[in-house]
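J.: One structure coming up, written as structure tokens, with questions to follow.
The values are calculated or read from the model by the stated rules, or taken from the named source; none is laboratory data. In this text the structure is predicted, and so the values were computed from the model without any measurement. As a convention, Cβ positions derive from the backbone with ideal geometry for all residues, glycine included, and neighbour counts pool all protein chains shown. Note: areas computed on protein heavy atoms with side chains; ligands, DNA, RNA excluded. Shrake-Rupley method; radii C 1.70, N 1.55, O 1.52, S 1.80 Å.
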Amino acid sequence: MTHSLITRPPSHERGEHLNRADLYRLAAALADPAVAAADPDLVAAYAPEVVECLVAGKVPLLGIRAEQSPAHAVLVASPAFKEAHAREQAHYECQRGEFAVVAAAWARAGIPYVLIKSVGQAPSYPYRSDNQDVLVPVHHGPRAAAILLEQLGYVELKNVEEPHKFLFRRFIMGREVSAIHLHEWIGWGTSFLNEAHVFRRARPALDDPLAIHPAPEEAMLVTMAHAFFENKEVKLSDLTKVTWLLRQAPNFDWDLAFQLADEKGWSDGLQACVLLWAGMERALYGRTTFPQERIAVADAALAAWQREHINRRLQRAPYHPRVGFVYSKRFYYAKMARDRSIGPRRKLWEGLLHTTAGIRRNLHVQSQDQFLVTLSGTDGSGKSTHAKALSAAFEGCHIKNRVVWSRGGSSAFTDRALTLARRFVRPTGGADRAVAATPATTLARRRAAMRSPLLRAGWTAIVAADLWWRYLRQVGLPLLKGEVVICDRYVYDALVELAAYAGQPDPLQGLIGRVLMALSPKPDLALWLDVAPETAAARAASPESSAFLAAQQRRYATLAGRGLLAAVTSEGDLEQVNDRLVRRALRTYYADYWTLVNQLFLFNPRRATRDRAVHPDVVLAGQHQM
């Protein structure tokens, strides 16, 4: 039965703003109407702020309906809610649709899964999670990953790999459309639950059979452990998930929950979570769903300093309590020491990995592998569009990158050189000048100028010097700093264009061009966007004719025949072309991902073995998981 929680605080007068704590109490009443009621007038006055609190607390707006209460009707009718709801609806449909494809592919391969962030509360598909955290049995992990990579077009982000947790993402035009965090255990640096027990008790949600979720006890443990040990903060959604579980399961087995936590060594952490969640619930709702006897046991089990830390955090921000870093780590290392499911060697190894990872994060060390990818092709082949999308995809992978555009003869330096040269080169005649703006005459004039050996050599030298200096500053130096550089046009394009104007069939015929090639940074991936001249001419904003584009195409083909460029067909659907290009570039980048700094922090990915070779007991422990 609900009771009125937020009417109008005694200190509030009309025209004054609610403080942050009262706004969160109002949002909490809307997030969990089974516990509290909200004042519709306050909701109407503060709808944008309330929506902001709900979104920040990761409360799924798709679960809020007008018929829940008069206050909910007011909220749902507000423009702020409608806008945020529409965004979440689109995100939900995209994420769930993408995962449905993954689930079907795994089902055909006989791979079971559990969505560990789901508790079964509608909407049970956990679309508000940053990634879809999916648990699969450890012996199915490699096959599940292979299906994502080989069949479904995902890319593995090896720069964020954790023990038995692997992140996969799929992109369309550089935009992330799906993120799958593949878990072979439920843990953060170490396992926090008996995964075999989780699989035995998992069940599909009533509102969505795709959302196979843990049983109530395990769902509560996952929610609490993730917030307390990993995020070190409790959001409003973390609170409402747990209180919903306690209400929906009248026979909630607290003894089983503590038994499962104790097996992994963190029963004291669970006691701290009970006090933290119950304290947050009291601050927001004026009551608690947790059994009083469990709160009393937790209070007696913790040391005075442990209780005092929780009380201070609740006093500081009861609507969003944060756990101190050192406080959380003391529980974490105690958990590893007491974990009865693993041996001493593995405890030491997992503790070392966790410690070095924590040091790296707190020192803000971000070491990444350098990488140069170049996109070449005629005007209209889609270089700039693909470069922008590829840059966005690298950003989505947390990889620092930059896009560098260059074109021979299009800098202030070459403009000054042209101005100077025109003083010594006579125009070809008034008739030519009269039609100089047409593509045909422009091409003819440039070709006529390039027939002169002196002009051709001089112009080639000027272009080569200009490009070399640009590549040194904008490509070479960033690569030395470990950045990813995406070149929209590169040395190949300049040489092809010069050769086409000069009528030379081989872009590398001249000495200057070969020297520029030798002095320029060598690409890790050099792609040629191969598109029909007619298609390119229709797309291109430049005045180049189809015939001249065809001449360039032949010279690009010459470079590709020598193995300097890898051809990528740029005809057809742009999204499909970009999907293949982005996937190829990211997979090439991650194929040999390694840096010395990461090695010092034990953070380089453990290829192929996925660290099971280091700990064979993990394989043995997983054999009975289904």
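J.: Restricting attention to the stretch 465-482, which residues are within 27 Å of the chain's Cα centre (by Cα) and charged (D, E, K, R)?
T.: Result: LYS481, single match.
J.: Can you find even one residue in the stretch 57-66 that is more than 20 Å from the chain's Cα centre (by Cα), closer than 19 Å to LEU30 by Cα, loosely packed, with under 15 Cβ neighbours inside 10 Å and hydrophobic (A, V, I, L, M, F, W, C)?
T.: Yes, the stretch 57-66 contains at least one residue that is more than 20 Å from the chain's Cα centre (by Cα), closer than 19 Å to LEU30 by Cα, loosely packed, with under 15 Cβ neighbours inside 10 Å and hydrophobic (A, V, I, L, M, F, W, C).
J.: Identify, by number, the condition in (1) out of contact with any Phe, Trp or Tyr (no Cβ under 8 Å at 6 or more places or on another chain); (2) modelled with pLDDT under 95 that MET626 doesn't meet.
T.: (1)
J.: Considering each of ASP524, ASP573, ASP530 in turn, give the residue that is over 26 Å from ILE462 (Cα atoms), open to solvent by 30 Å² or more (accessible area, probe 1.4 Å) and in contact with a Leu (Cβ under 8 Å, 6 or more places away or on another chain).
T.: ASP524
J.: Let me ask something else. Hey, does the stretch 188-197 have a residue that's under 30 Å from ALA585 (Cα atoms) and either touching a residue at least 40 places away in the same chain (Cβ under 8 Å) or open to solvent by 10 Å² or more (accessible area, probe 1.4 Å) (or both)?
T.: There is at least one residue in the stretch 188-197 that is under 30 Å from ALA585 (Cα atoms) and either touching a residue at least 40 places away in the same chain (Cβ under 8 Å) or open to solvent by 10 Å² or more (accessible area, probe 1.4 Å) (or both).
J.: Are any of the residues in the stretch 379-389 modelled with pLDDT of 95 or more and either in a strand (DSSP E or B) or touching a helix residue (DSSP H, G or I) at 6+ places or on another chain (Cβ under 6 Å) (or both)?
T.: Checked the stretch 379-389: at least one residue is modelled with pLDDT of 95 or more and either in a strand (DSSP E or B) or touching a helix residue (DSSP H, G or I) at 6+ places or on another chain (Cβ under 6 Å) (or both).
J.: Within the set of pairs 6+ apart or on separate chains, which have a first residue in the stretch 163-182 that is in contact (Cβ under 8 Å) with a residue 24 or more places away in the chain, a second that is assigned to a loop (DSSP other than H, G, I, E, B) and among the acidic types (Asp, Glu), and C-beta atoms under 9 Å apart?
T.: PRO163/GLU184; PRO163/ASP611; HIS164/GLU184; HIS164/ASP611; PHE166/GLU184; LEU167/GLU161; ALA179/ASP130; HIS181/ASP130
J.: Right, another one. Considering the stretch 399-408 alone, what residues qualify as being surrounded by fewer than 19 Cβ atoms within 10 Å (Cβ to Cβ) and either modelled with pLDDT of 95 or more or in contact with a helix residue (DSSP H, G or I) (Cβ under 6 Å, 6 or more places away or on another chain) (or both)?
T.: LYS400, ARG402, VAL403, TRP405
J.: Something else: Hey, does the stretch 340-359 have a residue that's crowded, with 20+ Cβ neighbours inside 10 Å, of a type in the set (Gly, Ala, Ser) and within 25 Å of the chain's Cα centre (by Cα)?
T.: Checked the stretch 340-359: no residue is crowded, with 20+ Cβ neighbours inside 10 Å, of a type in the set (Gly, Ala, Ser) and within 25 Å of the chain's Cα centre (by Cα).
J.: Pairs, please: C-beta under 7 Å, at least 6 apart or cross-chain, first residue at pLDDT 95 or above and in the stretch 102-121, second assigned to a strand (DSSP E or B) and open to solvent by 40 Å² or more (accessible area, probe 1.4 Å)?
T.: Pairs that qualify, where the first residue is at pLDDT 95 or above and the partner is assigned to a strand (DSSP E or B) and open to solvent by 40 Å² or more (accessible area, probe 1.4 Å), are TYR113/ILE212; VAL114/ILE212; LEU115/ILE212.
J.: Conditions first: (1) open to solvent by less than 20 Å² (accessible area, probe 1.4 Å); (2) in contact with a Gly (Cβ under 9 Å, 6 or more places away or on another chain). HIS140 passes all but one, so which condition is the exception?
T.: The failed condition is (1).
J.: Filter the stretch 558-570 down to the residues that are part of a helix (DSSP H, G or I) and surrounded by 14 or more Cβ atoms within 10 Å (Cβ to Cβ) and list them by number.
T.: THR558, LEU559, ALA560
J.: Still on this structure, I have one more. Could you go through the stretch 587-601 and let me know if any residue there is open to solvent by less than 50 Å² (accessible area, probe 1.4 Å), within 30 Å of ASN194 (Cα to Cα) and at pLDDT below 95.
T.: yes
J.: Looking only at helices (runs of 4 or more DSSP H) that fall completely inside the stretch 125-231, which ones have 1 or more residues that are within 23 Å of PHE603 (Cα to Cα) and within 18 Å of the chain's Cα centre (by Cα)?
T.: 141-146
J.: Another question about this same structure. May I ask you to list the residues in the stretch 496-521 that are of a type in the set (Gly, Ala, Ser) and either closer than 17 Å to ARG554 by Cβ or open to solvent by less than 40 Å² (accessible area, probe 1.4 Å) (or both)?
T.: ALA499, ALA500, ALA502, GLY503, GLY510, GLY513, SER520
J.: Tell me, which residue of the stretch 99-123 that is under 19 Å from LEU182 (Cβ atoms) and in contact with a Lys or Arg (Cβ under 7 Å, 6 or more places away or on another chain) is most open to solvent (accessible area, probe 1.4 Å)?
T.: ALA109
J.: Can I ask one more? Within the stretch 232-257, can you find the residues that are without any contact (Cβ under 8 Å) to a residue 24 or more places away in the chain and outside any helix (DSSP H, G or I)?
T.: PRO250, ASN251
J.: Related question: Which condition breaks for LEU148 when tested against (1) crowded, with 16+ Cβ neighbours inside 10 Å; (2) within 27 Å of LEU260 (Cβ to Cβ)?
T.: The number of the failed condition is (2).
J.: What tally of residues in the stretch 494-510 results from selecting those that are farther than 18 Å from PRO533 by Cβ and in a helix (DSSP H, G or I)?
T.: Result for the stretch 494-510: 4.
J.: Looking at the stretch 475-493, is at least one residue in a loop (DSSP other than H, G, I, E, B), at pLDDT below 90 and of a type outside the set (D, E, K, R)?
T.: No - not one qualifying residue is present in the stretch 475-493.
J.: Scan the stretch 105-124 for residues that are in a loop (DSSP other than H, G, I, E, B) and among the aromatic types (Phe, Trp, Tyr) and report the count.
T.: Residues meeting the conditions: 1.
Conditions tested, residue by residue: (1) in contact with a helix residue (DSSP H, G or I) (Cβ under 9 Å, 6 or more places away or on another chain); (2) hydroxyl-bearing (Ser, Thr, Tyr).
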site: SER267; (1), (2): yes, yes
site: CYS273; (1), (2): yes, no
site: TRP277; (1), (2): yes, no
site: THR288; (1), (2): yes, yes
site: PRO291; (1), (2): yes, no
site: ALA298; (1), (2): yes, no
site: ALA301; (1), (2): yes, no
site: GLU308; (1), (2): no, no
site: ASN311; (1), (2): yes, no
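J.: A further question on this structure: Could you list, in sequence order, the residues of the stretch 262-285 that are open to solvent by 10 Å² or more (accessible area, probe 1.4 Å) and under 26 Å from PRO344 (Cα atoms)?
T.: If the condition is that a residue be open to solvent by 10 Å² or more (accessible area, probe 1.4 Å) and under 26 Å from PRO344 (Cα atoms), then ASP262, GLU263, LYS264, SER267, ASP268, GLN271 are the ones that fit.
J.: Being free of Cβ contacts under 8 Å to residues at least 24 places away in the same chain, assigned to a helix (DSSP H, G or I) and open to solvent by less than 30 Å² (accessible area, probe 1.4 Å) is the requirement here; does HIS309 meet it?
T.: It is true that HIS309 is free of Cβ contacts under 8 Å to residues at least 24 places away in the same chain, assigned to a helix (DSSP H, G or I) and open to solvent by less than 30 Å² (accessible area, probe 1.4 Å).
J.: Hey, another quick one. In contact (Cβ under 8 Å) with a residue 24 or more places away in the chain, under 28 Å from the mean Cα position of the chain (by Cα), part of a helix (DSSP H, G or I) and over 30 Å from ALA526 (Cβ atoms): does that describe LYS329?
T.: So LYS329 passes the test.
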